[in-house]
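No value in this document is a laboratory result; all are computed from the given coordinates. Keep in mind that what you see is a predicted model, and the values were worked out from it rather than measured. Note: ideal-geometry Cβ built from the backbone for every residue, glycine included; neighbour counts use all protein chains shown.
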Amino acid sequence: MLLENKVALITGAARGIGKQIALAFAREGCHIAFTDLALDEVTTATAEELRSMGVRVEAYASDASDFEAAHAVVEQVTEAFGRIDILVNNAGITRDTLLMRMTEQQWDQVIQVNLKSAFNFTHAVSPVMMRQRSGAIISLSSVVGINGNAGQANYAASKAGIIALTKSVAKELGSRGIRANAIAPGFIITDMTKALSEDTLKQFVSMIPMRRGGEPEEVAKVALFLASDLSSYVSGQVIQVNGAMA
Ligand code: NAI
C-alpha cells in the first residue's frame, strides 16, 4: 500500500474532489482527518464510508478561512493522530460574475476561502512536518489560475495565488524534507460545477479536446501520486488534470 499508516489532513472533504481524495488515500492504508463547514449528514456519512475501509478517521467542523480555527484543528489532529504526513488544501468556493459587477464581498470571500485557508493550514502544519523532517503538501489550484477566465477574476486570482504559495513553500521547506505541489484541475463534475447552466456546461465541454468533464476520482489519482513516494523528487510543481483543455 502506498500510504500505509500515514496521516492525511484534508480540508473541505465532506464531498466532491476532497472526498474522493480521502477515499483514494484510505484505500492505500492512510488514516484520515478531514474538515468541512459542519458536522452534518453529508460529513458524517463520508466519515462512516472512510471508517468502513479500516483506517482511523476523524471529522472536524471548521471554517478553513479562519486562521485561529485552522491552527486549533491542526493541534487537535496532532494530538489525536500523533503526526501529519500529508496536507491537502482542498476547501474552495466560487462567486462568479463579471469584474464590473463584482462586489467587494464577492472578491473578499473567494480570496479568504480559497487562498487564505491554504495559508492558514500550511502555516499551522509546517512546524509539525518540520519536526518530522518529512511531509507532502498538496493544494487545489485550477486551470483558470493559469489562464484566467472571464467571469471568474476573484476565483482565478485566488487559484493563481495558490500556485505562488506552493512554489514559495517548496523553496522554503525543501531542505526540511517537505514537498509542496499544486493540482490544477480543468472542468470536473462535482456539486461546484453542477451549479452551472446547461449552456455553460455544453460550452465548457466543447472546449475540452477529450470532449468530457473529468471525474473527481481522476483528480484523486494525481493527489495520490503527489502524496506518496512515487513523487519523492517532485516539488514546486503544478500538475494540470484537464483533458488537454488549454
Ligand atoms: P465542492 O463544492 O463540491 O466541495 C467543496 C467542499 O469544501 C464542500 O464540502 C464545502 O462544504 C467545503 N468548504 C467550502 N468552504 C469551506 C470552508 N470555508 N471551510 C471548510 N470547508 C469548506 O467543490 P469541488 O468541485 O469538490 O472543489 C474542490 C476544490 O477543487 C476547490 O478548491 C475547487 O476550487 C477546486 N477545483 C474544482 C474544479 C471543478 O471543476 N470542480 C476545477 C478546478 C479546481
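Computed from phi, the 3J(HN,Hα) profile of the stretch 83-96 under the Karplus parametrisation 6.51, -1.76, 1.60 (θ = phi - 60°) reads 6, 9, 8, 9, 10, 10, 7, 10, 3, x, 9, 10, 9, 6 Hz, with x in place of Gly and Pro.
Packing order of peptides 230-236, 82-88, highest average first: 82-88, 230-236 (average count of other Cβ atoms within 10 Å over each peptide's residues). Packing, as the average of other Cβ atoms within 10 Å across residues, places the peptides 56-63, 45-52 in the order 56-63, 45-52, highest first.
For the chain, how big is the tail of P(r) above 32 Å, as a whole percent of Cα pairs? For the chain, the fraction of Cα-Cα distances above 32 Å is 15 percent. Helices of the chain meeting both criteria, an alpha-carbon length of 20 angstrom or more along the long axis and an average Kyte-Doolittle score not below 1.0, with helices taken as full DSSP H segments, do not occur. Pairs from the list K19/K194; K194/K221; K116/K167; K6/K116 with a Cα-Cα gap above 24 Å: K6/K116.
Once C-alpha pairs closer than 8 Å and six or more residues apart are averaged by separation and normalised to the residue number of the chain, the relative contact order reads 19 percent.
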